[in-house]
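Asker: Supplied in structure tokens, the structure appears directly below.
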Amino acid sequence: MKHFLLKNGERKEFAHMEMMGIINVTPDSFFAGSRTAETQAAVERADRLIQEGASFIDVGGESTRPGAEKVEVREEIDRVCPVIETIRKKHPEILLSVDTYNAETAEAAVAAGVDIINDISGLTFDENMAAVAAKAGVPVILMHTGGRPDVMQKDPHYDDVVQEVYDYLQRQINYAVASGISREKIIIDLGIGFGKTFEHNMTLLRNIDRFADLNCPQLLAVSRKTFIGALLDEKDPADRLYGTIAVTLYGQLHGIEMARVHDVKENCDAVRMMEALR
């Protein structure tokens, strides 16, 4: 059974796939349903996601959709930290992550109460991120990306996308460990939709079993993404729920431990039903 270690040394084990609910304290994240303009609205969304079955809540203050513009670190901190502090007080039992690639934001978020740093750059965009995570003793989610959000979808190319993403994640795991982060505090994310074409995304998903060799829990983050819309001819992210659920169940069948989703209840219900049938 895959697990990771929390800051206090407790083991987080996975008996089944668990859901990470998304909260974006942003005006421009690609799916309007996840955006919250102020702290109160974000906390109310967290309340609902937890009630629907989320084990994790992921709070982000900067959109990382393709083409997104960078947000100043101070503004990112001002967006996420009040939300994190309030959720932490209301829900001491929930696992909170901060979606950021900025070390300063991560450090502030840890002080505000987050349990996990979710870094889309896999510790590569900010040279101080690994040291911050190691000092804090919190788990990290290492994701593969093909570049910064503003340029990552400009003609992405791989000779062998599966091998190259695998090698990247292996390198970043080794780097994290060398930086003082326990290997048992590492979660991986293939980075579906980040610097990848439709075929790259599909190839990675078809070969998702390959990444079990890295021996880390895996986060599947595909909710309402463009590749689903491309396959189903659904241009509006609001119309990609059923496609998302299909990929979530595919991940469950392949032993993936976590799914980062906008729609917790719908994905939870599907996973519970599949679990009962199996």
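The values are calculated or read from the model by the stated rules, or taken from the named source; none is laboratory data. Bear in mind the structure is a predicted one, so any value in this text is a computation, not a measurement. Note: ideal-geometry Cβ built from the backbone for every residue, glycine included; neighbour counts use all protein chains shown. Surface areas here come from the heavy atoms of the whole protein model, side chains and all, with no ligands, DNA or RNA. Shrake-Rupley method; radii C 1.70, N 1.55, O 1.52, S 1.80 Å.
Asker: Are there trypsin sites (Lys or Arg not before Pro) in the range 153-186 that DSSP marks as loop and that have at most 15 other Cβ atoms within 10 Å, and which are they?
Answerer: Lys154
Asker: Here's another thing I want to ask about it. Can you list, largest first and rounded to whole Å, the semi-axes you get for the chain by taking the square root of 5 times each eigenvalue of its Cα gyration tensor?
Answerer: Gyration-tensor ellipsoid for the chain: 24, 22, 20 Å.
Asker: When the dipole is taken about the Cα centre of the chain, and only Lys, Arg (+1) and Asp, Glu (-1) are charged at their Cβ, what size is it in debye, to the nearest 20?
Answerer: So the magnitude is around 500 debye.
Asker: Let me ask you something else. With N denoting the number of residues in the range 139-278, provide Rg(C-alpha) divided by 2.2 N^0.38 Å, to two decimal places.
Answerer: Here the answer is 1.06, to two decimals.
Asker: What's the carbon and sulfur percent of the range 214-278's accessible surface, probe 1.4 angstrom, rounded to a whole number?
Answerer: The computed percentage sits at 55.
Asker: Using a 1.4 angstrom probe on the protein heavy atoms only, could you order Lys12, Lys135 from most to least accessible area?
Answerer: The ordering from most to least exposed comes out as Lys135, Lys12.
Asker: Ignoring ligands, DNA and RNA, what accessible area per residue does the range 206-248 give at 1.4 Å, in Å²? All intermediate terms of the calculation are to be shown ahead of the outcome.
Answerer: Values: 2060 Å² over 43 residues.
Normalised by residue count, the accessible surface of the range 206-248 is 48 Å².
Asker: Sorted from largest down, give the three principal axis spans of the alpha carbons of the range 59-117, whole angstrom values.
Answerer: Ordered largest first, the range 59-117 gives principal extents of 35, 19, 15 Å.
Asker: Follow-up question, since we're still on this one. To the nearest 20 debye, what is the magnitude of the charge dipole of the range 220-278 about its Cα centre, counting +1 on the Cβ of each Lys and Arg and -1 on the Cβ of each Asp and Glu?
Answerer: Rounded to the nearest 20 debye, it is 140 debye.
Asker: With bins 10 Å wide starting at 0, give me the P(r) of the range 212-278 over every alpha carbon pair, in whole percents.
Answerer: The calculated distribution, bin by bin, is 22, 49, 27, 3.
Asker: Over its Cα atoms, what ratio of radius of gyration to 2.2 N^0.38 Å does the range 1-131 give? Mind showing how you got there, number by number?
Answerer: Details: Rg = 14.2 Å, N = 131, 2.2 N^0.38 = 14.0 Å.
Taking the Cα Rg and dividing by 2.2 N^0.38 Å, one obtains 1.01.
Asker: Residues of the range 193-225 with the amide nitrogen closer than 15 Å to a label point 7 Å from the Cα of Leu253, along Cα-to-Cβ, please.
Answerer: Backbone N within reach: 205-209.
Asker: Would you check the accessible area of Lys70, probe 1.4 Å, heavy atoms only, in square angstrom rounded to 10?
Answerer: Number for this one is 120 Å².
Asker: Within the range 81-115, list the GluC sites (Glu not before Pro) lying in a DSSP loop whose Cβ has at most 14 other Cβ atoms in a 10 Å radius.
Answerer: Glu93
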